[in-house]
Amino acid sequence: KQEVTQIPAALSVPEGENLVLNCSFTDSAIYNLQWFRQDPGKGLTSLLLIQSSQREQTSGRLNASLDKSSGRSTLYIAASQPGDSATYLCAVIYRDDKIIFGKGTRLHILP
Amino acid sequence: ETGVTQTPRHLVMGMTNKKSLKCEQHLGHNAMYWYKQSAKKPLELMFVYSLEERVENNSVPSRFSPECPNSSHLFLHLHTLQPEDSALYLCASSRGESYEQYFGPGTRLTVT
């Protein structure tokens with residue numbers, strides 16, 4: 001069964017800290033992996049997309065890595081800010097067009 | 001307007017009502033998606049349309065009926081829903097089925 005797991009489910013850290021969110025998937029035959037953020041009651045905002053041939057992608061203070069062999073992706077957030085508070089979702093897209101989301105990590109940055 | 005828009009943003013309907021959700025994308029994409037987000041559950045993919053043809057239906061109950069009249073518009077027709085269908089319904093689009101997806105703001109549906 002194809003599953004996507006995100007750990008931790010919730011995280012609170014002081015402003016300014018660097019942090020890592022984890023995403024693991026059971027089936028490594030992925031096509032690509034996408035990280036999103038979701039603010040309460042709103043839709044998803046795409047953060048980073050990593051193709052299966054890539055190992056990482058960077059956008060500003062965000063860096064996402066992909067290790068297919070171990071079935072893991074991490075989202076690294078540098079110098080966290082209160083505006084980073086949101087739920088972060090990982091989605092794995094497979095070649096048969098199946099898309100599976102994790103349950104997300106609720107991040108709270110303490111001012 | 002730019003991006004992906006959804007209307008209405010909020011909808012309350014009775015179990016015997018018929019309503020429709022609308023999604024429109026202004027990105028020139030050719031794939032569109034409907035997702036359901038329930039409390040404390042992972043986001044669930046409901047339908048995928050590519051080039052206006054349905055390519056995936058994840059065993060969604062027939063009380064949900066999608067329609068994609070063209071590559072820019074996607075509808076989700078609702079009828080005889082159940083209270084457990086109350087959720088946030090999100091629409092997304094992408095350049096192709098396996099490319100980066102862009103989401104709309106969602107429709108918060110409450111079934112009474």
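All of the numbers you see were taken from the coordinates with simple rules; none came from a lab. All values derive from a computational prediction rather than experimental measurement. Methodologically, a virtual Cβ is constructed for each residue, glycine included, from the backbone with ideal geometry; neighbour enumeration extends over all protein chains shown.
Sort by residue number and report every cysteine in chain B with no other cysteine beta carbon within a distance under 4.7 Å.
Cys with no partner Cβ under 4.7 Å: B:68.
Based only on the alpha carbon positions, what is the Kirkwood hydrodynamic radius of chain A, in angstrom? Don't skip to the end; give the middle numbers.
Values: mean 1/r = 0.0717 Å⁻¹.
By the Kirkwood definition, the hydrodynamic radius is 13.9 Å.
Which whole-Hz ³J(HN,Hα) couplings does region A:5-20 yield from phi under the Karplus relation 6.51 cos²θ - 1.76 cosθ + 1.60, θ = phi - 60°, glycine and proline marked x?
Working through the residues one at a time gives 10, 10, 10, x, 6, 8, 8, 10, 9, x, 4, x, 6, 8, 9, 10 Hz.
I'd like the per residue volume of the convex hull spanned by the Cα atoms of chain B, given in cubic angstrom. Kindly include the intermediate steps, with their values, before the conclusion.
Details: hull volume 10.5 nm³, N = 112.
Convex hull of Cα atoms, per residue: 93 Å³.
Can you give me the Rg/Rh ratio for the protein assembly as shown, using Cα atoms for both radii and the Kirkwood formula for Rh? Before the final figure, lay out each step's value.
Numbers: Rg = 17.4 Å, Rh = 18.0 Å.
Rounded to two decimals, Rg over Rh is 0.97.
For the protein assembly as shown, build the charge dipole from Cβ charges (+1 Lys, Arg; -1 Asp, Glu) around the Cα centre, then report which of B:109, B:94, A:29 sits farthest towards its positive end.
With unit charges placed on the Cβ atoms, the residue in question is B:109.
Exactly which GluC sites (Glu not before Pro) in region A:1-56 are in a DSSP loop and have at most 16 other Cβ atoms within 10 Å? Display every interim value, and only then the final one.
Details: sites: A:3, A:15, A:17, A:56; in loops: A:3, A:15, A:17.
Here the sparse-neighbourhood loop sites are A:3, A:15, A:17.
Can you give the FRET efficiency for residue B:77 and residue A:95, using 1/(1 + (r/R0)^6), R0 = 30 Å, r = Cβ-Cβ distance, to the nearest 0.05? Write down the numbers at each step before the final one.
On the way: r = 30 Å, r/R0 = 1.01.
According to the calculation, E is roughly 0.50.
Using modelled backbone amide H atoms (1.01 Å from N, in-plane), which distant-in-sequence or interchain residues come within less than 5 Å of residue B:100's amide H?
Sorted by chain and number, the residues that satisfy this are B:95.
How big is the equivalent ellipsoid of region A:47-111 along its three axes, where each semi-axis is √(5λ) from the Cα gyration tensor, reported in whole Å from largest to smallest? Mind dumping the intermediate values first?
On the way: eigenvalues 111, 41, 17 Å².
In descending order the semi-axes read 24, 14, 9 Å.
Can you give me the Cα centroid spacing of region A:88-111 and region B:45-69 in angstrom?
So the two Cα centres are separated by 22 Å.
To the nearest whole number, what is the average tally of beta carbon atoms from other chains within 10 Å of the beta carbons of peptide B:99-111? Don't jump to the answer; show the numbers that get you there.
Values: counts 6, 7, 8, 4, 7, 3, 5, 5, 1, 1, 0, 0, 0.
Per residue, the average neighbour count from other chains is 4.
State to the nearest 20 debye the size of the charge dipole of the protein assembly as shown about its Cα centre, where the only charges are +1 on K and R beta carbons and -1 on D and E beta carbons.
Dipole about the Cα centre, nearest 20: 420 debye.
Over 25 Å between Cα atoms: which of A:42/A:98; A:42/A:68; A:1/B:22; A:42/B:19; A:98/B:22; A:1/B:19 fall into that group?
On the way: A:42/A:98 23 Å; A:42/A:68 30 Å; A:1/B:22 33 Å; A:42/B:19 21 Å; A:98/B:22 23 Å; A:1/B:19 35 Å.
Too far apart for the 25 Å limit: A:42/A:68; A:1/B:22; A:1/B:19.
Scan region B:21-70 for trypsin sites (Lys or Arg not before Pro) in coil per DSSP, keeping those whose Cβ has at most 16 other Cβ atoms within 10 Å, and list them by number. Please report the intermediate quantities before stating the final value.
Details: sites: B:22, B:36, B:40, B:54, B:63; in loops: B:40, B:63.
Hits after loop and neighbour filter: B:40, B:63.
Name the residue, out of B:90, B:78, B:43, whose mean-square fluctuation peaks in a Gaussian network model built on chain B with Cα pairs under 10 Å.
B:43
Explain nothing, just the number: dipole magnitude of region A:10-111 about its Cα centre with +1 on each Lys and Arg Cβ and -1 on each Asp and Glu Cβ, in debye rounded to the nearest 20. Don't jump to the answer; show the numbers that get you there.
Details: 10 positive and 9 negative charges, 29 e Å.
The calculated dipole for region A:10-111 is roughly 140 debye.
Between residue A:63 and residue B:5, take the C-beta separation as r, use R0 = 22 Å, and let me know the FRET efficiency to the nearest 0.05. Let's see the in-between values first.
Numbers: r = 31 Å, r/R0 = 1.40.
Efficiency computed from Cβ-Cβ geometry: 0.10.
Could you derive backbone 3J(HN,Hα) for region A:41-51 from the dihedral phi with the Karplus parameters 6.51, -1.76 and 1.60 (θ = phi - 60°), listing whole Hz in sequence and x where the residue is Gly or Pro?
Karplus-based 3J(HN,Hα) across region A:41-51 equals x, 10, x, 8, 10, 5, 9, 8, 10, 10, 6 Hz.
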